[in-house]
Amino acid sequence: MISRGYASRRFFWDGGAPEPSSQWDLRLVPPDMTSDPAPRPAAPPPPSPRRRVAQVAAALGVLTLLALLARGSLAQGHAEEEASSGHAHAHAGSAPGGSVRRGGPTGPAQPAPPEEASPGQRHFEGTTCWQDLERFNEAVTFETFRDWAAPLLASGDPLVLDYLRGRLAELIGDDPARASEVLGWVRGAPAKEFKVFMGGLKGSQALHRPQVAAQLLEMGLDGELELGRRAGLLAALETQHRFEPAAMDRLARFAQDPASGEAGWIATRTLGRVMKEDLSRTGNAKPYVDRLLSVSAESLEMPVRYLALEMGMHADAPIDAQATARLEKILATEGSGDVRQIAAHELSLAEDKTRALDIYAQAFTTETELCVRWALFRFAARTAGRNALPVMAHMAQQDSRFLADYRDFERLYASGIVDFERIWSSLPTDNPHGCLEHTD
């Protein structure tokens, strides 16, 4: 259940094209979770190649059985023969296979054509590209991967594509030369191959080599590539541990460019995700926060401006005096109420709590939208706790719609609760002004 608090973009990325414009919607999640949603259980270690082969083989075995049953139900006049002699079972067991033709170094092994069925036999034409999968897994090399994988890519099976991504990541390993060669593949690869190649590259250790990351950034900002492909390249940079200032500047400029479209949204998210990683390692998010605030102030795309503010909030990035002043300006000049709400939330991370309360009070006086006023009111409490009550009382005097809310906050603080999360969960209602979207 998604409920109460602050607006949050839905983040996901499939490694191919960016989120379509129709999905640039705003979600609402709890205000107390400013870093990330509740932690998920640790992901299990990736399966071994043999395990992946076994999983795929099991899935195809089920498909084979279903196909046999379907053909069996259409056969005429053989039910009695099958029940008495089991003759049909013998033919079903031998239909797919027999001998196979081994592939040469330029292509995967291919099965021999099945023998023609004699009159009365059941004839089954199963998916044949998987019959030599285990041999592919054991014998494929980096040099043969692209040719050998072509018929498997054509299957379109999600399990197959996931296996190929993982196998390619293993073949790339920590070799920057191989990673660079895969980047050469992706420039003109069809969409399905592009996703597999980028998935393999993103899962490899070599992606963290400086020369590979630099090549990836250059391609992602290459104006000769179409924007969807550039978005996929920039998304692969999200796994970096840190960015140099020059890389941050280039991503921020690209995000602000009106021509960047949804690829600019991906560039903004990439900056924010690497910021979170770098902050956890070094404790310093300021270089990223500065760039993201520039994006939030200068981008012409509302979803990009919104995301630039939200990424700082999700990382719990501290807001210094300079950033506090920039948020004050955004609250005074931003045209989108949604963006002003997320700016009010990020201001709650200000290091100078007294200055933040002054900004909330001033913004409330000039604000005309009820939902933005509600954000300013409740995030003042998140910023300074019970010390915000005088400011909140003044807000309630200016707008009587907040009188009941003020009494609730005052009562809860008087009871001894000081943690904002507990205050918020103890309120009589989580949506007193109809501003929060609920999704069950």
Residue among 279, 300, 293 that is outside any helix (DSSP H, G or I) and in contact (Cβ under 8 Å) with a residue 12 or more places away in the chain: 300
Hey, among 363, 393, which residue is of a type in the set (A, V, I, L, M, F, W, C), farther than 25 Å from residue 334 by Cβ and open to solvent by less than 70 Å² (accessible area, probe 1.4 Å)? 393
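In the range 252-270, what residues are over 25 Å from residue 165 (Cβ atoms) and part of a helix (DSSP H, G or I)?
Within the range 252-270, 252, 253, 254, 255, 256, 258, 259, 260, 261, 264, 268 meet the criteria.
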Output the residues belonging to the range 404-435 that are open to solvent by 70 Å² or more (accessible area, probe 1.4 Å) and of a type in the set (A, V, I, L, M, F, W, C). 414, 418
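Go through 236, 246 for me and flag whichever is open to solvent by 50 Å² or more (accessible area, probe 1.4 Å), in a helix (DSSP H, G or I) and farther than 19 Å from residue 312 by Cα. Write out each step before concluding.
Values: 236 fails: open to solvent by 50 Å² or more (accessible area, probe 1.4 Å).
One residue alone meets the criteria, 246.
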Restrict the check to the range 135-158 and report whether at least one residue is modelled with pLDDT of 50 or more, open to solvent by less than 80 Å² (accessible area, probe 1.4 Å) and more than 31 Å from the chain's Cα centre (by Cα). yes
Which ones in the range 315-329 are surrounded by fewer than 23 Cβ atoms within 10 Å (Cβ to Cβ) and assigned to a helix (DSSP H, G or I)? 321, 322, 324, 325, 326, 328, 329
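The values are calculated or read from the model by the stated rules, or taken from the named source; none is laboratory data. Owing to the predicted nature of the structure, the values given are computational and were not obtained by experimental measurement. Because the Cβ atoms are built from the backbone with ideal geometry, glycine has one as well, and the counts that use them run over all protein chains shown. We work out accessible area using only protein heavy atoms, side chains counted, and drop any ligands, DNA or RNA first. Shrake-Rupley method; radii C 1.70, N 1.55, O 1.52, S 1.80 Å.
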